[in-house]
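The values are calculated or read from the model by the stated rules, or taken from the named source; none is laboratory data. Just so you know, these numbers come straight off a predicted model, no measurement behind them. Because the Cβ atoms are built from the backbone with ideal geometry, glycine has one as well, and the counts that use them run over all protein chains shown. The area values use the complete protein model at the heavy-atom level, side chains included, leaving out ligands, DNA and RNA. Shrake-Rupley method; radii C 1.70, N 1.55, O 1.52, S 1.80 Å.
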Amino acid sequence: MTARPTVVVTRRLPEPVERELARDFDARLNHDDRPLGPEGLREALTTADALLCTVTDRLGADVLSAEPRRARLLANFGVGFNHIDVEAAKARGLAVSNTPDVLTDATADLAMTLLLAVTRRAGEGERHLRSGAWTGWRPTHMLGTQVSGKTLGLVGMGRIARAVARRAHHGFGMRTIFHDPFPPAPDAAAALGAEPRDRLEQVLEEADFVSLHCPATPETRHLMNAERLALLKPGAFLINTARGDVVDEAALVAALRGGRLAGAGLDVYEREPQVSPELLAMENVVLLPHLGSATQETRVAMGMRALENLRLFFQGAPLRDQVV
Ligand code: DGY
């Protein structure tokens, strides 16, 4: 019997996924769920055939240079892979896979959750009630901003943005506009009632709410800087379920303080798990701890997709979700 490939699983995964991993691989599970850190990752790269890694593992060129390396695949649990230096991986002959599609709906749902929560002051209202400060209904109490019928601007028009557009347009009667350097086919956008804009700045100037859906790349780092935040309509809201690096968090704090930006709904941060203390003190922001794909169903599906990539790789077949 041939030895089963050794797979280091860097974080705890939902139980059905861990069960299949243990059945099909010599899986080194992370029972106490502590991040491995650079040294642990280097050790994993030299002692295992593959890593099933997550967004909390910084796999930069320094870590990937671990020698003598045994691992040949980084099967990432997640669609975003900005925590992996994919060029360094490729140069060393390490394959990388991710888990697209299966988290699209959950993440789009969360973008809508943030949009509704921040515009309707849900976090603030809940804090108010729990603190015992509520004195009863009154016509002028905690008035928010209506989203139905307004204009939603999408930055990026990939799978998740399109799922948000569908919800916003068909569910909330919103007009949706978008900018993407690689836009979907015109009929695909039209089916979602989404109108393209040639320049990002047009989206920022025209939308009542802006939701970010671009990947984190060197080009999109601080895409939402002070200059671009200043283009937003007075009273606009910003939603970020993409990656923290896309927003200059200090500039966001300043824009919120200045009052031009009415609020923000954030699921991701520039220095996770740290969050700018100024944001923590603001009532007009809704802050979630990177929960975009965090449903039981989706996290199991992500694990199964990573497993599928692992199995294909060790069978010598093409990866389903090859990044490099
Ligand atoms: C993703 O899939 O990119 C999520 O943000 C978790 O990494």
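Listed by first and then second residue, the pairs linking a residue in segment 22-36 that is at positive phi and without any contact (Cβ under 8 Å) to a residue 24 or more places away in the chain to a residue that is open to solvent by 80 Å² or more (accessible area, probe 1.4 Å) and not polar (S, T, N, Q), with Cβ atoms under 9 Å apart and 6 or more places separating them unless they lie on different chains, are ASP33/ARG12.
The set of residues in segment 291-307 that are more than 10 Å from the ligand (Cβ to nearest atom) and open to solvent by less than 60 Å² (accessible area, probe 1.4 Å) comprises THR295, VAL300, ALA301, GLY303, MET304, ARG305, ALA306, LEU307.
Can you tell which of VAL55, VAL8 is touching a residue at least 24 places away in the same chain (Cβ under 8 Å), part of a loop (DSSP other than H, G, I, E, B) and surrounded by 17 or more Cβ atoms within 10 Å (Cβ to Cβ)?
Details: VAL8 fails: part of a loop (DSSP other than H, G, I, E, B).
After ruling out the rest, the residue left standing is VAL55.
Among the candidates GLU297, GLU278, GLU308, GLU283, the residue that is within 24 Å of GLU126 (Cα to Cα), in a helix (DSSP H, G or I) and of a type in the set (Asp, Glu) is uniquely GLU278.
In a strand (DSSP E or B) and not aliphatic (A, V, I, L, M): which single residue out of GLY263, GLY292, GLY303 fits that description? GLY263 is the lone residue from the list that is in a strand (DSSP E or B) and not aliphatic (A, V, I, L, M).
Scanning segment 89-133 for residues that are small (Gly, Ala, Ser) and more than 16 Å from the ligand (Cβ to nearest atom) gives ALA89, ALA91, GLY93, ALA95, ALA117, ALA122, GLY123, GLY125, SER131, GLY132, ALA133. Could you tell me whether segment 234-250 includes any residue that is open to solvent by less than 30 Å² (accessible area, probe 1.4 Å), touching a helix residue (DSSP H, G or I) at 6+ places or on another chain (Cβ under 6 Å) and closer than 30 Å to ALA48 by Cβ? So far as segment 234-250 goes, no, none of its residues is open to solvent by less than 30 Å² (accessible area, probe 1.4 Å), touching a helix residue (DSSP H, G or I) at 6+ places or on another chain (Cβ under 6 Å) and closer than 30 Å to ALA48 by Cβ.
Has segment 64-73 got any residue that is surrounded by 17 or more Cβ atoms within 10 Å (Cβ to Cβ), within 16 Å of the ligand (Cβ to nearest atom), assigned to a strand (DSSP E or B) and not assigned by TED's automatic domain parsing to the domain that holds GLY265? Within segment 64-73 (the criterion being surrounded by 17 or more Cβ atoms within 10 Å (Cβ to Cβ), within 16 Å of the ligand (Cβ to nearest atom), assigned to a strand (DSSP E or B) and not assigned by TED's automatic domain parsing to the domain that holds GLY265), the answer is no, since none of the residues qualifies.
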